[in-house]
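**Student:** Submitted below is the structure of interest, expressed as structure tokens.
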Amino acid sequence: MLRDDLIPLPDISAQAFQHPLDRDATGLLKGIDKFRSIIGTLNSYVEHSMHYYNSSSCIQVSETQYPSLYNAYKRTAEALDIKKLPDLYIETIDEINAFASGIDRYTIKINSGLLDILTERETMAIIGHELGHVKCDHMFYNTFTYFIRYFGGSVTGMIPPPFNSALDISVQLALLEWSRRAEFSADRAALLATQDVQAVAEALGKIAGYSKTLSDPISVEAIVAQANTFEEYVDDSWMAKFIKVQSMLKQTHPYTVLRVKEILAWSDSDQYKQILAGTYQKVGELPAAVLDPAAPAEPNAAQKAASAIGSSLSSGLKSFGGFGKKSE
């Protein structure tokens, strides 16, 4: 299920592997930290409701329930130096999905529909990805994104004017943009947790398109070629931009074929190799200069877009009074 020579990464900091796009987008959302008390109150109810449902209607993985999976789960958490193991549940449902949730009590749930198309190695890659969200402290922003995405009007209605005016489309788009970028960091965590790039790439490929009735295995090389073709197709025309905006509305994950290409590139990077060699930023340490292949020397289109979103977000958050600097 997991390789026998899995290298533990004691005291590794999430910043040691955080994708630069995730880091930049997270910086743009710092003003939303003012919502912690509100989201905390809402989340308390949601966590209790989910725990009630999971414990009554799903199967919890433990030493006595699916013990081989549980032991592998513990090893992936140890590899990422996650000391408090989230509850792990399996639900019998066809939807291809797995997710981490919670702020005070972390939970990871995997649907049987996803498990049924994965090998054991690929399953551990998906679990490592969800542990990555926990490790990277994505849960508050993930929870906020969830509330805005599914209960947007209801959530903003609970916040009195003029504060709710900040939760306009620019804030929602900023949250969704962050959510997509955070997935890249979680993919890196999946690789560090399993140290099996083929399993990570194949798991992502199967999420994009796969049927267990097909006899041929999924081709990672073909996915990379598809990603290259897709990138060549994208241009700066107004139609391409319009299609991109339309496709990104309410989409929390980046394009899967691009994620496959991205994780393959990182697996071959000096940064990844240095981490496995034991040279990485540890919890409480200041970051050292590392060569990250995903961090361009000059601002690219994605960074410029992030800056534009950040400007919109800042404008929206100013109505809260004290979110950022006041104009002199």
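What follows draws every value from the coordinates through simple rules; no lab data is involved. Just so it is clear, the structure is predicted and the values come from calculations on it, not from any experiment. Positions of Cβ are generated from backbone atoms using ideal geometry, with glycine treated the same way; all protein chains shown enter the neighbour counts.
**Student:** First measure r as the distance between the Cβ atoms of SER57 and LYS282, then evaluate 1/(1 + (r/R0)^6) with R0 = 35 Å and state the FRET efficiency to the nearest 0.05. Write out the running numbers ahead of the final one.
**Tutor:** Numbers: r = 40 Å, r/R0 = 1.14.
Efficiency at R0 = 35 Å is approximately 0.30.
**Student:** Let me ask something else. Work out the FRET efficiency for LYS212 and GLU95 from their Cβ-Cβ distance, taking R0 = 25 Å, and round it to the nearest 0.05. Before the final figure, lay out each step's value.
**Tutor:** Details: r = 16 Å, r/R0 = 0.62.
Efficiency for this residue pair is about 0.95.
**Student:** Could you tally the net charge around ALA225, taking each other residue with its Cβ under 12 Å from the Cβ of ALA225, Lys/Arg +1 and Asp/Glu -1? Mind showing how you got there, number by number?
**Tutor:** Values: positive: LYS261; negative: GLU221, GLU231, GLU232.
Taking every Cβ under 12 Å from that of ALA225, the sum is -2.
**Student:** Fewest to most neighbouring Cβ within 10 Å: what's the order for VAL224, VAL134? Please list the in-between numbers first.
**Tutor:** Working: VAL224 18, VAL134 25.
The most exposed by this proxy come first: VAL224, VAL134.
**Student:** While we're looking at this one, here's another question. Can you tell me the order of 190-202, 100-112 when each peptide is scored by its average per-residue count of other Cβ atoms within 10 angstrom, highest first? Present the calculation step by step, with values, prior to reporting the outcome.
**Tutor:** Values: 190-202: 24.6, 100-112: 19.0.
Highest to lowest by the protection proxy: 190-202, 100-112.
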